[in-house]
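**Q** Following this message is one structure expressed as structure tokens.
The values are calculated or read from the model by the stated rules, or taken from the named source; none is laboratory data. On a predicted model such as this, the values are computed, not experimentally measured, just so you know. Here the Cβ positions follow ideal geometry from the backbone for every residue, glycine too, while neighbour counts run over all protein chains shown. Surface accessibility is based on the protein's heavy atoms, side chains included, excluding ligands, DNA and RNA. Shrake-Rupley method; radii C 1.70, N 1.55, O 1.52, S 1.80 Å.
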Amino acid sequence: IKAFGAPENAQRMEEARDNACNDMGKMLQFLLPVATQIQQDVIKAYAPTARVGWVLKFARLIKSYESQDPEIASMSGKLKAMFLPPMTLPPHGAGTGGVATS
């Protein structure tokens, strides 16, 4: 989380976020690679032989601990908020073709 707050990384993330325009597909194209690179740089500081796949391994490991540790869950939520656009709910009744369901 600290690495994402570093001025140069914050700027990179902001530029990628601007390019993505809150579009999920573009988030994957522009923002996710920047975020992955930042995470990989941090992992390499602790594991110099780390490879690209380690970011995914780390993400899965964190996910497995979220339910066991509220601090890990909180930090994971903060990271997700950095990568994902805010989700908005569709208007009431959307997806039902305008037909009320019972």
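**Q** Look through region 1-14, keep the residues that are free of Cβ contacts under 8 Å to residues at least 12 places away in the same chain and out of contact with any Phe, Trp or Tyr (no Cβ under 8 Å at 6 or more places or on another chain), and return whichever of them is most open to solvent (accessible area, probe 1.4 Å).
**A** My answer is K2.
**Q** Also: Could you count how many residues in region 27-59 are of a type outside the set (F, W, Y) and over 13 Å from the mean Cα position of the chain (by Cα)?
**A** Number satisfying all stated conditions: 14.
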